[in-house]
Structures are given as C-alpha cells and as structure tokens.
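Notes follow once the structure below has been shown.
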Amino acid sequence: MNALSPLSRSDREPVRNLSRRTFLGAASGALLLGVGMRLSPAVAQTRAEGPAAVAPKPGTRVAAFLEIRPDNSVRLLSPFVEGGQGINTGLAQTIGEELDLDPGRFAVECAPPGPDYAVVNGLRMTGGSFSTRSSFEAMRRLGATAREMLLRAAAAKLSVPQASLTTEDGRVIHAASGRALGYGELAAAALALQPRDDVPLKDPARFRWIGKPVQRLDMRDKSTGRAVYSIDIRLDGMLQAAVQHAPHLGTEPEAITNEAEIRAMPGVHGVHRLPGAVAVVADTWWRARKGAEALAVTWSKPAPEGVDTVSAGFSSAAMLAALKGSTAPGIPAEQEGDTAAAFAKAPRIVEAEYDAPYLAHAQLEPPSAVAHFAADGSLDLWLPNQMPELFQQVAAKVAGVQPDSVRIHSPMLGGFFGRHFFYGPANPFPQAILLAKATGRPVRVLWSREEEFGMDAVRPLSFARFKAALGADGLPMALQTTAVGEGPIGRWFGALFKSPVDSSVVEGLDKKPYAIPNRRLDYVKVPHPVTIAFWRSVGHSMNDYFYESFLDEVAQAGGRDPYDLRMALLKDSARHRTLLKTVADLAGGWRRGPFTAEDGTKRARGVSMASPFGSETATIAEVSLKDGEARVHDLWIAIDPGSVVNPAIVKRQVESAAALGLSSTLLEQVVYEGGQRQAKNFDAYPILDRERMPRVHVAIVESGAPMGGIGEPGLPGVPPAVVNAVAALTGQRLRSLPLSKARLSGA
Amino acid sequence: MITLTINAQPFTVEAEPDTPLLFVLRDSLGMTGTKYGCGIGQCGACTILLDGQAARSCQVPVESVGDQTITTIEAIEQDPVGARVVAAWVGIEVPQCGYCQSGQVMAATGLLKQTPKPTEDDIAGAMTNLCRCGTYNAIAAAVRQAAA
C-alpha cells in the first residue's frame, strides 16, 4: 500500500475523468477518491460553518477536531480509527504537546465523514501505516494553533498583552498577576476566533510527550470489557440477521425449499434473498443463525471449471499452477544496468521460484454492521471501516440516498490488518442496509465465524521467479525478478493510478538497498477470481520472504555468509549498515549456526532486511526443530522509522506484526478445493497461539530520516528470517509457505 | 423461563434451552463485554467464570448452567483476584485491539483463583485463548505480575 502515499507525485496522479461504472467495487472507491482530490479550497470553505471555519486545508480547522470541555479535558475527533495500533494515544500526544494539555485528558473518537479529515495526502484512510507519518506535522500545527487561540482569548478576557501569558497543562497563566484561566473557560471565545496559520511549533528539544512512552488511553476500557466495537452496538427495536452465503462466489439463490418452515421457527421475523446470500432476520442473533443454517437453498450453478471465475473446479492449487504457467511478457517495474549482458557473461547463474498462499485476516471480531433508517429517509450506519468517506459513498448507492444522508459511525476495531476496506461481497453493511429497508426496523447483520472464513477478502496467492548472475567473487552481478499475479491496489484502486504496474504485487521486490549493478523486475498480471485484500504489510507480506530467501540462496551459491553478503551489498547505505549491525548487536552478535543451545537443542539463525512503508527493518530469527516443526525461540528486530512519537507503542506494534508474520510463516493458508474454501473456523485455520509465540526483542533506531510507518513494518522480515534459519538448520530451502506443509528434518 | 445468577444478581431470561450462554449474555441481557469470536470453543474470547472456574460461554448451553454462579467481565473488578488481574493488564498495557482481552482477563482470573502461584506450565495450560494482535508475551507477564 505504499502506492497510496505519493498522490502528489506526477507518476501516480489520480485519474480525473472517471466513468461512472455500475459495479460498486473499484468504481465507487475511485469515484470517491477522485471527488476528494478535486475538492477545491473554495468548496471546502463553503462546507465549513461558523467563524472558526476559515481554514480550508484538511487538518487545520480547530473546531472540527477539538471540543474543549469545561473540566479542561478534550474530545478529539480523529481522522483515524483505532484498532489496536495506538493512534488515539499518538494523536493525543502530538496535539497535546503543542496545545499544552496532558494526553491523558484526551477522549478520542473516530470523526464522521468530512473534508476536514482528509489528512493522508488529501485522502482519508486508516491503513498503509500512514496515520502518524502523514498527519504528524498537521496535528502538531493544529495543537499549536488551538493554543494560540486560547492565549488570544485569554488576553482579551484579562485585558493583558498576549505575550505576557503562558500555558501550563490546560490553563492559561498570567504570571504577573497570578491569575489563571482554564482552557474550558476560554474554549467558546477561543474557538470563535480566526485561527492564525503562522503559529510557531515547539522546539523538539522541549518535547514533554512526543517521543515518550506515554500510556495508551484505552487500556482500562479494554481490560474491563467496556470498549465498544461494532458488534456491541444495540439500538431500540433492532432486529438481528444471520446469513447463508452462496457456496461459490458469484452464484445466486434460486429457490428456498423450506422457507415456510424457517419462518415458523421461534423468534424469526423473516427470510430475505440478498445478492449472493439468503438472510434470516430474528429477534436474537442466535435464533437468526439457527434459521440461516437450516435454510435449504438451491443456488445457481458456477462455471464448471477454470480460474477465470470461482468455478466448480477452481482450486488454490490450480490458481498457483496458472501463475507458474504464465508465459505472458512482463511489464518492467524496475530496471537498472544491462541484465542481459550480465547474464551472458556470468560464470554462475542461480534460479528459484517462490510462492505464498491466500491468507485470511482472522481478526477476532467477526464483521457486522448496524443500519437504521430515520423517519426522513436518512441512514445511520455503524460498521468497522478503515475509510469512512468511501463507505459513505457506497452505502448511499446501496440505500438509494445522497451521501450526505448517510451518517457513518466508526467504532473501535476488534483487529483489522487490512480487513475493513471496501471489498464488494466481503462486507456485511450492504446486507444490513437492504434488510433495514425491507423490514423498516434497525437491523444488525453479524457474520458467524464460519461465514467470515467463507467470505473474507484474502491476501492474494502469490508467485515470483528469480534468476541471479554471480560474479567470480560470489557477489550477484545481475538479478532478474518476475512477479506474477494481482494485488489489492490494482483490484480496488486501479482506476486511481495511471501506472500499469500494480505496486501491491511488486513492493518488497523493488527499491532494495542492495548494490546489485544490473537489475530488472517484471510484473505479469494474472487476475484472481476470488475477493482479494490488503493484509498487514500487503505485498511485503510475501515479497520480502521471496526476495530475502532467494538472497540467502545467492549467498550460499557464492560461498558467502548471508549476513556478510548483505553487509557487502549495503556498501552504499550507511543507514542500512547501521540497522543490520544494530540487530546483530541486539542478538548478541551474528552467528548462523547450527549450534547447540544451553537447553541442548540444535539451533540456527536467519537474517533478513526489509524496506516497508517508509521504514527500514533488520530481523534475526533463532529456530530449532521439534517433531518436524520449526520452533522459533527469539526474534530480534531493529527498526528505523526515522523518528517516533511513542516508543512503547512502536515496540508493541513491531511485536504484534512479527507475531502475525510468524503465524503466516508457520501455519496459515486459505485452501480452495472444488471452488470452496476448506477451512471454516480456527480449528481448520490455525493461527499463532501462545505456545508458539517467541520472545521478541525490538531496537528502535531514530536516524532522523523522514518518518516511516509502524503498524506493518515489523512483519515482512520475519518469514524470510525464519525460513533462512530453517535452511541453515536443516539444509532444506522452503520455497512455499506455510512451513507446516513440510516435515522438517536434519537437525 | 430460565433463572441465572450473574455477577451476584438474579436474571430471568426466555431462550431455547440449547442457546449458548454467550448469546444470552450479549443479546438478551446486553452484557456485551463478553465477546463472540469463533463459537466453537477455539478462541476463548467468550470466557466467563462458572462457579469461579474459567469456561467458554459459547460452549455452555443456558439450560446446563443450573445454580452455578456466573461472573462476567462487567463485574471482574469486584473480585479481588480479578481486580489484581485488571491492574496488571492496565499496568503492563497488555491490550492492542482489545477484542480478545475480556476473555484473556477472565481466563487469567480463573487460573489465579484456582492456582494463586502458577508455574510457567500452569500459565501455558490455562492461557490458551487466541490473540490475533500477538499480545501473548504481555499476557504472560501480566499473569506473573498479578500472581506476585
């Protein structure tokens, strides 16, 4: 998802003249984003109200963000949605720093749709590890601007020069007279003033909260069951709906043979046909679910075979074979030097193919949505989402109302990892809207875990081919990489980007720091028939595994240690050499092994690097074998995000991302057979459990480079570091994930 | 009509006897702190205490509860062990997305009520709830702190 960042860059300008396609998917997203990008300052200004609404730029209108309460606490309307990444706390630190208000006095909510919140390079979304890095300067400025307005209001009220006033944690102080006014007392007068756009920011040397491990704001609520997620929203008179989806994506209900029987079940209110699904609406969800599971539905027939659709014969194995068998010419995504010439004279050539499976998000909160039409026909919608304006646009279309008649409520997310963008048939909210319309009552649609495993949008099954030319010194002279497949950027935001190369297919294979003089990276598009998604670290989630594992193969072929090879190839980048050295130091020095640990187990280590989402990482994994399975004991991760707002949150996010990366390395795959997903719950789709959780050691390097992302970058280095350790330990080079497919031996 | 004792209060609910206690708590009684995650006893997000012992409420038919007392996350701080567990969870900043943490806190409280000084094996045996955010190390640290 790196590609969503540089919207101002000429090579990724959004397409301005979007045709109105009937398909709700990519078109709606593109439409919305197009509108957002076209929004002129003049338009934004006319939408704002009140005397404070003079600043047209997103992230500048203080009144849209801050409500200062009488007790000097603040309600912050955030552009972002909290889902465990700690953004609410980070924003409170950032704004509180400049406003001079303790972050602990902030209550943060996700703001409704509105142009003020498009702070991610003119867009609004929570994803791509963008939240902090995209909004940091704007949110500092917002806090500083608000503080200046409070000072100005206080100067007027006390009839003293503004320069004679200072602030202290929520109060304006007039030291000369010993008088003080709380922010709450001043708020009404201050927010009526015109904000200045030239307020100086604090000297970072004087930061009290930015850069400090301030405690996250939501710890008590989340430890006592008081945090409210979409699944917890309850409205008076609300009906509950459960659904049975089509067994093959794209097929439709033709007949329901036991509809009368279902309608007669206790508590059942109705049976409704929906696109690709049948819903049972009842007074409680359990009753609705029993009804939905008992439905006897005849579905339209899928195509008999092929991978163009989710056919009766579609399988993940057939899809992988299609990717591997593709002979289409690639589009160059990156080119440097003359690879053909280098290969022609190379003394040694190394080749390998890598693949990684479809993956489920498996966030612990099953997806749901609550829809409620008001008497005037407007719609309230509570739903997990990472992009409120996009959901507002799509919901308006589904409901047949104007977007400004849709009020989007964005509760806390019970995990997201990319799950809650708009993915067409993978979102329950259109069903909730249709059912609320049909019943005239508020309706909650909740997907059972089984329906979620059936309908979740998946990380694409992916495949890459590598060919390296080695010089006589064992160093790679040339590298040819071919990535085959389709990614979520191309699928869902394709109309936005002019580039024919899908960045979400090639990220992690491109823009490497290694000094390999001749390189070519090709992209070959082969579409997936299934619903594909962003998944924590997106293309990096598989591509860094592919690339960094192959780099170890190159090291082995060239007779070089994998750590030493990387250090040699990083000769042009002091930043990366520092990071690699840092992770080695963190791990007590680099040693590949195999070696015998204190507990008598035979172990080995693997190393990897990655450049995800504007940050840099270096990772070392230590692995042993137990019952033919890789056991990861320790992960050492050094991350350089340039600079950080909250080091405690950074460390926990890196650990969290590492756990997900390890889960995907060891255990996870969504398998299709006969056109249907095989795993329907956690018993058949195992995820990392406590027993498999390694120790995770994180070192933060603040190089001062432009701020990078945090939520995702801890992930991509883990799969290759583990797989490289397994190769060192066993001699087995695993070129296909997850490792649970192979029985490991040799230790 | 089924009578239940939840958090030391009597409740009467109307539900089919095979209805999982989880959905009685969440939908009939509005106690939404207990979470639905998988419905098959795999993830532990729905963990409650039945007579002081951790149980996965999605696997407890409401008819089977009888006169066992039910404790949910809503009342966890009224239990001295539960209050210690919550304090450790907050102090160590365990939660990330937080969705599984009601169940984790209940499982930890159940463990410490049965085994006040658990060994690492005891912790491993009792703390089997899934966490997609990977907070397992923080969870173990918080259990150790609450037991200390």
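Only the coordinates and a few stated rules stand behind these numbers; no lab work does. Bear in mind the structure is a predicted one, so any value in this text is a computation, not a measurement. Because the Cβ atoms are built from the backbone with ideal geometry, glycine has one as well, and the counts that use them run over all protein chains shown.
Between B:ALA148 and A:ASP585, the simple label model (points 7 Å from Cα in the Cβ direction) yields a spacing of 2.8 nm.
Ignore the peptide's own chain and count Cβ atoms of other chains within 10 Å of each Cβ in B:80-91; give me the average, rounded. Walk me through the numbers before you get to the answer.
Working: counts 0, 0, 1, 0, 0, 1, 5, 2, 1, 5, 8, 3.
If you average over the peptide's residues, the count of other-chain Cβ atoms is 2.
Relative to its residue count, segment A:39-221 spans a Cα convex hull of 121 Å³ per residue. When the Debye formula is applied to the Cα atoms of the protein assembly as shown, each taken as the same point scatterer, what base-10 log of I(q)/I(0) results at q = 0.08, 0.10 Å⁻¹? For the requested q values the scattering log ratios are -0.75, -1.19. State which entries of A:LYS512/A:LYS571; A:LYS202/A:LYS222; A:LYS212/A:LYS581 exceed 23 angstrom in Cα-Cα distance in the structure shown. In this structure, A:LYS202/A:LYS222; A:LYS212/A:LYS581 lie more than 23 Å apart at Cα.
Taking beta carbons within 10 Å but only from partner chains, what does the mean come to for residues B:124-133?
Working: counts 3, 1, 0, 3, 3, 3, 8, 9, 17, 15.
That works out to 6 on average.
Between 0 and 90 degrees, rounded to the nearest ten: what's the tilt of helix B:80-91 against the longest Cα principal axis of chain B? Its long axis makes an angle of about 50 degrees.
Each principal axis of segment B:77-147 carries a Cα extent, and these read 27, 27, 17 Å when sorted largest first.
With a cut-off of 8 Å between alpha carbons and a minimum separation of six or more residues, what is the relative contact order of segment A:39-221 in percent? Mind showing how you got there, number by number?
Numbers: 299 pairs, mean separation 50.0, N = 183.
That works out to 27 percent.
Bins of 10 Å, beginning at zero and ending with the bin holding the largest distance: percent of Cα pairs per bin for segment B:2-74, please. Binned Cα distances yield the sequence 22, 63, 15.
For the peptide B:20-32, the mean number of other protein chain Cβ atoms found within 10 angstrom of a residue's Cβ is 3.
Applying a 10 Å radius around every beta-carbon, put A:651-662, A:170-181, B:3-14 in order of their mean neighbour count, most first.
Values: A:651-662: 27.5, A:170-181: 15.8, B:3-14: 13.9.
Going by the mean number of other Cβ atoms within 10 Å, highest first, we get A:651-662, A:170-181, B:3-14.
With a threshold of 31 Å on the Cα-Cα distance, the over-threshold entries among B:LYS35/B:LYS117; A:LYS290/B:LYS113; A:LYS301/A:LYS397; A:LYS626/A:LYS680; A:LYS680/B:LYS117 are A:LYS290/B:LYS113; A:LYS680/B:LYS117.
Here's how it looks for A:ASP502: its modeled amide H is under 5 Å from none belonging to a residue 5 or more places away or on a different chain. Length available on full extension from A:LYS157 to A:LYS301: 0.36 nm per residue minus the Cα-Cα distance, which gives 44.4 nm.
Remark: C-alpha extents of segment A:329-382 on the principal axes read 76, 26, 17 Å, sorted largest to smallest.
Between A:LEU201 and B:GLU63, what FRET efficiency comes out of the Förster formula 1/(1 + (r/R0)^6) with R0 = 56 Å and r the beta carbon distance, rounded to 0.05? Could the numbers behind the result be given before it?
On the way: r = 63 Å, r/R0 = 1.13.
Calculated value: 0.30.
Label separation (A:ALA352 vs A:ASP338): 2.9 nm, computed from points 7 Å beyond Cα along the C-beta direction. Treating r as the C-beta distance of A:ARG226 and A:ALA684 and R0 as 22 Å, the FRET efficiency rounds to 0.10.
From the P(r) of segment A:122-189, could you give the percentage of C-alpha pairs in the tail past 14 Å?
Working: 1395 of 2278 pairs.
Taking all Cα-Cα pairs of segment A:122-189, the fraction more than 14 Å apart is 61 percent.
Among A:191-198, A:696-703, A:159-166, how do they line up by average Cβ neighbours within 10 Å per residue, starting with the highest? Display every interim value, and only then the final one.
On the way: A:191-198: 14.2, A:696-703: 18.9, A:159-166: 12.6.
Per-residue Cβ counts within 10 Å, averaged per peptide and sorted highest first, yield A:696-703, A:191-198, A:159-166.
In chain B, the longest principal axis of the Cα atoms and the axis of helix B:136-147 are about 90 degrees apart. Under the criterion of Cα pairs below 8 Å and six or more residues apart, the relative contact order for chain B equals 24 percent. Measuring max minus min along each principal axis, the C-alpha atoms of segment A:505-581 give extents of 42, 25, 19 Å (largest first). Round to the nearest 0.05 the FRET efficiency obtained for A:GLU293 and B:MET1 when R0 = 25 Å and r is the Cβ-Cβ distance. Efficiency, from the Cβ-Cβ distance: 0.45. DSSP finds beta bridges in chain A, and of those with both partners inside it, around 75 percent are antiparallel. Summarise the long-distance tail of P(r) for segment A:533-741 by giving the % of C-alpha pairs beyond 23 Å. In whole percent, the share of Cα-Cα pairs in segment A:533-741 beyond 23 Å is 42. Extension gain for B:ASP121-B:ALA8 works out to 37.5 nm (0.36 nm per residue, less the C-alpha to C-alpha distance).
With q set to 0.09, 0.14, 0.17, 0.18 Å⁻¹, the log10 of I(q)/I(0) for chain B, from the Debye formula over equal scatterers at the Cα positions, is -0.25, -0.60, -0.88, -0.98.
Peptides A:81-93, A:509-521, A:131-143: what's the order by average Cβ count within 10 Å, highest mean first? Don't skip to the end; give the middle numbers.
Values: A:81-93: 27.5, A:509-521: 19.7, A:131-143: 23.4.
The densest-packed peptide leads the list: A:81-93, A:131-143, A:509-521.
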